[in-house]
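As structure tokens, the structure follows; a few thoughts come after it.
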Amino acid sequence: MAEKAIKDLSFEDALGELEGIVRNLETGNTKLEDSITAYERGTQLKQHCEKKLKDAQAKIEKITVGKDGSISTKPLDEAG
């Protein structure tokens, strides 16, 4: 089965694949070359997941209501 391009994976799919790689590596039943390849893909999956989380965090906004009743949004981590 061909591996799907990492950039095309959802966060959940990438995380699931990464967890599978970790489980397989922990067993120690994988050939050295396969372990190296899996480790490299795992590193790429980790980076992909971190980017997805960072992008999601940047989209999170806080809804605020002004004194005049107007509604607006601003980044969640912005003071005020």
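The values are calculated or read from the model by the stated rules, or taken from the named source; none is laboratory data. If you're wondering where the values come from, they're calculated on a predicted model, not measured in any experiment. Please note: Cβ atoms are built from the backbone with ideal geometry, for glycine as well, and neighbour counts cover all protein chains shown.
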Verdict on Ile21 being surrounded by 12 or more Cβ atoms within 10 Å (Cβ to Cβ) and at pLDDT 95 or above | yes
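Taking the residues in the stretch 39-73 that are of a type in the set (Asp, Glu) and not in a helix (DSSP H, G or I) as candidates, determine which candidate is nearest to Glu17 (Cα to Cα).
Glu61
This table checks each residue for (1) acidic (Asp, Glu); (2) in contact with a Gly (Cβ under 8 Å, 6 or more places away or on another chain); (3) closer than 26 Å to Pro75 by Cα.
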| site | (1), (2), (3) |
| --- | --- |
| Glu3 | yes, no, no |
| Ile6 | no, no, no |
| Asp13 | yes, no, no |
| Asn24 | no, no, no |
| Asn29 | no, no, no |
| Tyr39 | no, no, no |
| Gly42 | no, no, no |
| Gln47 | no, no, yes |
| Ala56 | no, no, yes |
